[in-house]
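What follows is calculated from the coordinates using simple rules that are stated; it is not laboratory data. This one's a predicted model, so the numbers in the text were calculated from it and none came from an experiment. Counting neighbours? That spans all protein chains shown, and the Cβs are built from the backbone with ideal geometry, glycine included.
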Amino acid sequence: MRRLLPVLFVLGGLTPAAQDVLAADPPKDFFFRPGDRVVFLGDSITEQYQYSTYLELYLTTRFPDGKMTFLNAGIGGDTANGGAGRFQDHVLAEKPTAVTINFGMNDGGYGGFNPDRQKVFVEKTDAMLKMAQDAGVRVALVSPNAVDRRNKSNGKQYLETQKEFYAPLKDLAAKYGDPFVDQYAITRAAQERMEGDDPQAKTAVPYYDGFHTSPPGGLLMAHAILTGLKAPALVSDLTINAASGNMVCTGCTVADKESATFGVVFTRADESLPLPVQKDWRPMLPYTNQLKDLNLYGLTVTDLKDGDYVVTIDGVEVGKYSAKDLAAGVNLGNVSAGPVWDQGTKVLQAINEKNRLVHQRFRGVKMFAAPDWLADVAAERKGKELEKRMAAIDAAQAEVYKLAKPAPHKWEVKPAK
């Protein structure tokens, strides 16, 4: 027979990071902030809407009341020179509060190191940082991902060129007081591990052609950028003593706590959602710290009898663990089943649909160059059309946030059959 146990919320003595989570606000040293209007600026890798979409997914699910707006200004084949030339129209005209700048893949030329190319790259990157500073816009400067020499014909040479070519970026960012993420170094280290584990690139394939991202590569990049910008790891964490009913809740609340000889039952309401780990991301988990530093959705149950247990959410099994594992704490952020994962995946799908509107607005209107005989008409209508489409994007973004609102779920930890 089940007996209802008292609920004890132990909230005293929380670290500042935990208090930030409880307030559902990002920590103070995280680059992104509630209410941000974000522009992702870059080349084709940005225009792929993979790493940028996963950044957006993290920010939406982790901060469901964040009320952020996301625009993508990536153009295939572009360079820092092109980015500087269009910075006013494609970035500042959108009135952003935060911008990520990710150029350099095309700038280096895909061959040996060329100091003249680097000089232009540095000068134009500096120009963008200055324009942003003058406009009062925060910038995160990001070096490109390292090419994968397993499946890019000149990857061995260009990988070394990249290292030398991007070297000035750290000092450039420091000059303007901007954060810098050395994505090149982070992804190269991960890819060197992949070379040892999977030398023929049969399983761990971050880039289809050695540098354009596949979905796993999008995760690799998003993980590098978010952790580099000091994104909080914790979604929420719950510790329950099955015998006494005492518990510690961080970023969540618990109601209807019950216990029995077989395990524990409770209703858990989280303040945010974990990233919904997609099945095609899984090959990258060993190279992204199993997302422990980005997607920690914790459950600890102590004082269980020895044996194996299944964890269910609303009756759907999401994991199987030993009593020892549960006592040590498990991360359910990487599960790929259950109502929490389903909800996060729906948020991802809604973001993808919204971003089709973003891309159509950018390519079809923002970048539209009218012939001279239509210049007067275009000048009259372009601004209105941009506003009209932005309104549609804002409406779609509002729907995304509705989908991201967490709901209570019934959890059960019971012996495996």
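With Kirkwood's inverse mean 1/r over C-alpha pairs for Rh, give me the Rg to Rh ratio of the chain, two decimals please.
1.02
Based on DSSP, what percent of beta bridges with both residues in the range 32-228 are antiparallel, to the nearest 5?
5 percent
Based on DSSP, what percent of beta bridges with both residues in the chain are antiparallel, to the nearest 5?
Here the antiparallel bridges make up roughly 55 percent for the chain.
Let me know the Kirkwood hydrodynamic radius for the range 32-228, please, with Cα pairs as the basis and the value in Å to one decimal.
Its Kirkwood hydrodynamic radius stands at 16.8 Å.
So if the hydrodynamic radius of the range 181-223 is defined as the Kirkwood radius over C-alpha pairs, what does Stokes-Einstein give as its diffusion coefficient at 10 °C and 1.306 mPa s, in µm² per second?
This corresponds to a translational diffusion coefficient of 152 µm²/s.
What does the highest-first list of 264-275, 363-374, 87-98 look like by mean Cβ count within 10 Å?
264-275, 87-98, 363-374
Semi-axes, largest first, in whole Å: what does sqrt of 5 times each Cα gyration tensor eigenvalue give for the range 193-249?
Its equivalent ellipsoid spans semi-axes of 37, 16, 9 Å.
Run down the lysines and flag those whose C-alpha is under 20 Å from the C-alpha of K156, throwing out any fewer than 8 positions away in its chain.
In chain and number order, the partners are K202.
Taking a quarter of the surface of the convex hull around the Cα atoms of the range 293-367, what do you get in nm²?
The orientation-averaged projected area of the Cα hull of the range 293-367 comes to 6.6 nm².
Cross-link list K67/K130; K230/K414; K346/K414: which exceed 31 angstrom alpha carbon to alpha carbon?
K230/K414
Hey, what D do you get for the range 167-287 in µm²/s if you plug the Kirkwood alpha-carbon radius into Stokes-Einstein at 37 °C and 0.692 mPa s?
Value of D from the Cα-based Kirkwood radius: 184 µm²/s.
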